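K.L.:
Just passing along the structure, written as structure tokens.
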Amino acid sequence: MTILLTNTGKRFNREWIFRHLDFQFVTGTYYAVTGPNGSGKSTLLQVIAGALSPSEGSISFQAENRKAVANHHGGDQLFSFISIAAPYLELIEEMTLVEFLRFHARFKPFLPSLTTASVIDIIGLEKARDKQIRFFSSGMKQRVKLAQSILSATPVLLLDEPCTNLDAEGIRLYKRLVEEYASGKLIIVSSNDETEYSFCREQINILDYK
């Protein structure tokens, strides 16, 4: 999978969040989008995910066979290629953990080797499998968000501040999930904490595109 940004920019009202971004993201490479809080890292990730449309320029996606998957308007095709974890994305809190993961898998299947039970075991929430997510701590919820993104069978993985609300054990889990289950994917991490993107080979400073 290749994601190509051409003179891409995003603004809200008269304020440009970023502009003139020309960049190519390719499968098998891990990228970090860095910059201070409020600089536009999350906005860029949302544009790549198709949740926001760029204000100028374009963004396109190509599969490995070089066939175009979608343009910046996104659509059903794009949805099946991308997984994302972010603090602003909510879980369905009325569901139990088992119900939520089964529901999620209907739209975005997990990696072929994984089942709902094995996913729960991997993230260490066996005792909470039948508990409603609204009773989870913030750290437990973040583990679920990481599971439904990293363990999905998608070629593109977007991670926005992935260690939010995680303790030291949770951070170790995050790093293990990426190492063991995300190999070969196109990964983009939005963060100003090196702990979250230490494995990334390339960095983009959002301040360079103001």
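What follows is calculated from the coordinates using simple rules that are stated; it is not laboratory data. Small disclaimer: the values here were computed from a predicted structure and weren't measured. Please note: Cβ atoms are built from the backbone with ideal geometry, for glycine as well, and neighbour counts cover all protein chains shown.
K.L.:
Give the longest segment of the chain that steers clear of GluC sites (Glu not before Pro) in DSSP loops with at most 15 neighbouring Cβ atoms within 10 Å, not counting the sites themselves.
P.N.:
Details: sites that count: Glu64, Glu90, Glu93, Glu94.
Result for the longest clean stretch: 95-210.
K.L.:
Leaving out same-chain residues fewer than 8 places away, which lysines sit with a Cα under 17 Å from that of Lys108?
P.N.:
List returned: Lys145, Lys185.
K.L.:
For labels at Ala153 and Glu90 in the simple 7 Å Cα→Cβ model, what's the distance in nm?
P.N.:
With each label point 7 Å from Cα toward Cβ, the separation is 3.1 nm.
K.L.:
Sticking with this one: If you put +1 on each Lys and Arg Cβ and -1 on each Asp and Glu Cβ, how big is the dipole of segment 112-210 around its Cα centre, in Debye rounded to 20? Intermediate results must be reported in sequence, preceding the final value.
P.N.:
On the way: 13 positive and 14 negative charges, 77 e Å.
Computed charge dipole of segment 112-210: roughly 380 debye.
K.L.:
Given [x] 18.2; [y] 17.6; [z] 16.7, which label gives Kirkwood radius over Cα pairs in Å as computed from the coordinates?
P.N.:
Matching entry in [x] 18.2; [y] 17.6; [z] 16.7: [y].
K.L.:
Sticking with this structure for a sec: Please tell me the relative contact order of segment 2-209 in percent, rounded to the nearest whole number, where contacts are Cα pairs under 8 Å and at least six residues apart.
P.N.:
On the way: 369 pairs, mean separation 63.7, N = 208.
Relative contact order for segment 2-209 comes out at 31 percent.
K.L.:
Do the sum for the chain: with -39,500 (n - 2.57) for every DSSP H run of n ≥ 4, divided by all residues, what is the mean residue ellipticity at 222 nm, to the nearest 500 deg cm²/dmol? Display every interim value, and only then the final one.
P.N.:
Working: 7 runs with 62 residues, N = 210.
-8500 deg cm²/dmol, from helical runs alone.
K.L.:
Can you give the FRET efficiency to the nearest 0.05 for Ala63 and Asp130, using r as the Cβ-Cβ distance and R₀ = 35 Å? Could you put the intermediate results ahead of the total?
P.N.:
Values: r = 39 Å, r/R0 = 1.11.
Between Ala63 and Asp130 the formula returns 0.35.
K.L.:
Here's another thing I want to ask about it. Determine the dipole magnitude for the chain: charges of +1 sit on the beta-carbon of Lys and Arg, -1 on that of Asp and Glu, nothing else is charged, the reference point is the Cα centre, and the result goes in debye to the nearest 20.
P.N.:
Details: 23 positive and 23 negative charges, 63 e Å.
Dipole about the Cα centre, nearest 20: 300 debye.
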